1. Exactly one of (1) farther than 25 Å from Ser295 by Cβ; (2) without any contact (Cβ under 8 Å) to a residue 12 or more places away in the chain is unmet by Gly523. Its number?
2. Can you tell me which residue among Gln241, Gln208, Gln267 is touching a residue at least 24 places away in the same chain (Cβ under 8 Å) and in contact with a strand residue (DSSP E or B) (Cβ under 7 Å, 6 or more places away or on another chain)?
3. Can you name every residue in the range 304-323 that is over 17 Å from Glu264 (Cβ atoms) and aliphatic (A, V, I, L, M)?
4. Which of (1) without any contact (Cβ under 8 Å) to a residue 24 or more places away in the chain; (2) surrounded by fewer than 16 Cβ atoms within 10 Å (Cβ to Cβ); (3) within 17 Å of Phe606 (Cα to Cα); (4) not small (Gly, Ala, Ser) is the odd one out, the single condition Tyr625 does not satisfy?
5. Which residues, counting only those in the range 149-174, are hydroxyl-bearing (Ser, Thr, Tyr) and more than 40 Å from the chain's Cα centre (by Cα)?
6. Please identify the pairs in which a residue from the range 273-287 that is crowded, with 19+ Cβ neighbours inside 10 Å has its Cβ atom under 6 Å from the Cβ atom of a residue that is among the β-branched types (Val, Ile, Thr), counting only partners at least 6 apart or on another chain.
7. Scan the range 242-256 and give yes if some residue there is in the same structural domain as Thr578 (by TED's automatic domain parsing), of a type outside the set (Gly, Ala, Ser) and not in a loop (DSSP other than H, G, I, E, B), otherwise no.
8. Does any residue in the range 388-401 that is on the phi < 0 side of the Ramachandran plot come within less than 6 Å, Cβ to Cβ, of a residue that is of a type in the set (Phe, Trp, Tyr) six or more places away or on a different chain, and which pairs are these?
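The values are calculated or read from the model by the stated rules, or taken from the named source; none is laboratory data. Bear in mind the structure is a predicted one, so any value in this text is a computation, not a measurement. With ideal geometry, Cβ positions are generated from the backbone for all residues, glycine too; neighbour counts draw on all protein chains shown.
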Amino acid sequence: MKRIIKKVYLNVIDYVISNRLFLSYVFLSFISTLIIRYATIGYVFSLVSMTIDMAFILILGSFAYILKPQNQFKYLFILMFIYYFTTTSNSIYYTFYTNFASLSLITALSQTGEVADSVFNKLRLLDFVYIPMYLLFYYIHTRLKKSTYYNYLAHVEKGLKNMLITCGVGVILLLFAVAQFNKADYSRLSKQWNREYNVKRFGILMYQANDIVQSLIPKFNTLFGYDKALKEYNDYYALNQKEASTNSYTDMFKGKNLIFIHMESVQGILFDLEFNGKEVVPSTHRLAKEGMYFSNFNPQISVGTSSDTEFTLNTSLMPVLSGTVAVSYYNREYITMEKLLKAQDYYTFSMHGNKASMWNREKLHKSFGYDRFYSEKDFTFKDDQVVGLGISDHDFFQQIQAYLEEIEATHEHYMGTIITLSNHSPFNDLDKYGDYSLTVPVRRYNANKGIYETVNDSFLEGTELGNYLHSAHYADSALGEFFDYVRNSDYFNNTVFILYGDHEAKISRSQYEKYFNHDYQTGITYTKGDSNFKEYDTFSYDLDKSTPLIIWTKDSNLQSKINKEITYPMGMYDVLPTIGNMVGFSSPYALGSDIFTTKNNNIVIFPNGNVLTDKVYYNNNSEEYRVLKNGATISEDYITNIKDYAEKRLSVSNSIILYDLIKKNPIDTNKGDSNE
């Protein structure tokens with residue numbers, strides 16, 4: 001036994017001495033895969049994902065052995081560069097978008113030039129921890145190069161044997177991991193619509209390899225998947241053709257002009273906040289009280305953020321699962337709100353104070369069917385009138401007044417979209433946001449003096465959340481000034497305004513948790529372990545991403561009919577069917593529903609597979625759910641059904657976009673089936 005142990009020991013020592021470079025590559029690469037999971041999803045130790053990452057590292061690295069020892073470093077160095085580029089880019093991307101990067105998103109990265117400040121404002125030291133390890137590998141190589149290591153290997157290394165053994169070990173590890181997969185895992189890999197789950201379950205390297213495959217397949221859509229997608233599309237619309245239905249809101253806005261106001265990063269939770277007796281968004285809140293306020297309204301965005309909102313609102317389809325419609329699929333055929341209204345002789349326009357190239361809007365809006373797009377070049381402003389990414393909302397709303405009056409004077413019916421800008425992250429123009437104060441004066445007992453005294457609690461000032469509240473208040477005041485103009489104007493008497501928050505502000509959960517656990521009376525911010533600590537979990541965080549949807553008009557008679565709060569769960573894809581019923585148009589391809597027909601039976605799906613109903617919020621990543629309705633009993637069949645509901649619609653929507661099915665195979669609305 002002693003001889004056996006000694007022999008094994010000597011073999012291990014010999015292996016380590018003879019494979020110092022390769023083992024350094026394996027160790028540093030594997031540590032990077034652990035760090036990326038910790039830096040993003042916070043889920044490090046998963047047997048399957050760790051095994052798959054190690055398998056990829058071994059299999060790809062094994063081919064170094066067939067090279068001469070002097071060239072092995074070059075090969076492994078290139079491999080590590082790929083790994084570190086993958087981990088670093090995904091870490092930074094996740095920090096900003098709370099998602100993982102994709103090959104198909106490279107074309108969308110040109111848009112980040114407009115929000116570079118936002119990206120750099122959110123960077124963490126952890127996002128760059130991979131780079132020193134890359135440099136460490138180079139340092140190890142230089143030390144080995146100065147020794148006799150490479151000359152020694154040239155005489156003793158059996159390259160082909162080492163390659164076969166190492167690759168074989170990697171294959172065995174991979175097969176072991178694959179044996180742990182279930183049927184749902186294969187579906188998740190092929191659809192790639194829950195990137196966070198895929199990284200958690202399969203590891204960063206398989207995620208990235210799979211993403212490359214899934215990103216390239218659509219480029220060969222005539223060869224891969226078209227027939228299957230077409231059948232799924234045909235079957236879906238054969239079973240889901242919506243029959244025209246009427247309710248108390250049908251044709252209520254028939255013949256009315258429509259102006260949509262896209263409120264950048266405005267979340268519904270802002271309505272509940274005030275400091276020193278002053279609301280954060282008093283103007284928006286007032287519009288909600290005067291009009292119809294949908295308090296359970298949910299954007300359905302993916303990596304395209306604002307552009308995803310524009311697409312989903314105008315088409316009632318979901319964002320594409322890989323890449324963005326705005327950049328990669330803007331030239332497909334879509335049935336949009338603009339086109340449906342143009343068929344009723346409406347003039348259509350859009351306005352935004354940013355560059356026309358941002359999110360490819362110049363081409364995207366033309367594809368939607370807008371007759372005219374007013375962009376940055378249509379507005380006059382100086383540097384001191386810039387807030388955030390472009391012209392301030394105050395100046396923007398003032399300058400569009402003349403354009404709006406001209407449009408109303410020359411067109412009997414019109415529909416337009418006004419996209420605000422100032423409340424876009426990184427929320428750092430504090431000197432331009434006005435004098436709204438988040439500092440709260442409170443009475444506290446001073447034990448040293450034995451008296452109560454007034455102190456100013458500036459807990460929020462200087463934080464990203466605090467800056468967002470300043471920014472939101474500024475944007476709200478600009479919106480309030482615009483609606484003061486609308487109220488006092490001779491125009492807009494036949495106009496209905498639809499205001500919506502496009503997406504959440506992308507403030508981290510930890511910042512909200514600190515805010516909700518801050519006691520202004522004592523100045524203490526409670527942390528985990530404190531008896532007064534209130535956990536702000538991922539369910540609460542996701543649900544608070546809801547944004548306001550408001551329908552408002554200065555027509556007092558019409559206002560009295562719509563003045564109410566609607567609490568049904570509603571998604572962005574429900575806007576077209578709901579407004580369409582009120583105005584008198586519809587799209588046979590709409591995936592959403594008229595909220596006044598479905599009411600509390602409505603189901604909201606999200607691009608990552610999460611689902612919201614009036615009873616439950618289901619998290620597809622954790623496969624857990626929160627019951628929202630007191631006393632509701634949720635069965636496994638209920639969860640299975642809403643998951644199936646989401647998956648079918650996500651898949652059909654994705655197929656429509658990738659394969660341009662509306663153009664190639666328009667459905668026959670008379671038969672309720674698709675043309676072959």
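1. The number of the failed condition is (2).
2. On the way: Gln241 fails: in contact with a strand residue (DSSP E or B) (Cβ under 7 Å, 6 or more places away or on another chain); Gln208 fails: in contact with a strand residue (DSSP E or B) (Cβ under 7 Å, 6 or more places away or on another chain).
Residue meeting the stated conditions: Gln267.
3. Leu317, Met318, Val320, Leu321 - these are the residues of the range 304-323 that are over 17 Å from Glu264 (Cβ atoms) and aliphatic (A, V, I, L, M).
4. (2)
5. Residues of the range 149-174 that are hydroxyl-bearing (Ser, Thr, Tyr), as a first pass: 149-150, 152, 166.
Across the range 149-174, the qualifying residues are Tyr149, Tyr150, Tyr152.
6. Partner pairs satisfying both residue conditions: Leu287/Ile550.
7. If we filter the range 242-256 for residues that are in the same structural domain as Thr578 (by TED's automatic domain parsing), which is where we start, we get 242-256.
Then keep just the ones that are of a type outside the set (Gly, Ala, Ser); that gives 242-243, 246-247, 249-254, 256.
Filter once more, keeping what is not in a loop (DSSP other than H, G, I, E, B): none.
Within the range 242-256 (the criterion being in the same structural domain as Thr578 (by TED's automatic domain parsing), of a type outside the set (Gly, Ala, Ser) and not in a loop (DSSP other than H, G, I, E, B)), the answer is no, since none of the residues qualifies.
8. The qualifying pairs are Ile391/Phe379; Ile391/Phe381; Asp395/Phe381; Phe397/Phe482; Gln399/Phe379.
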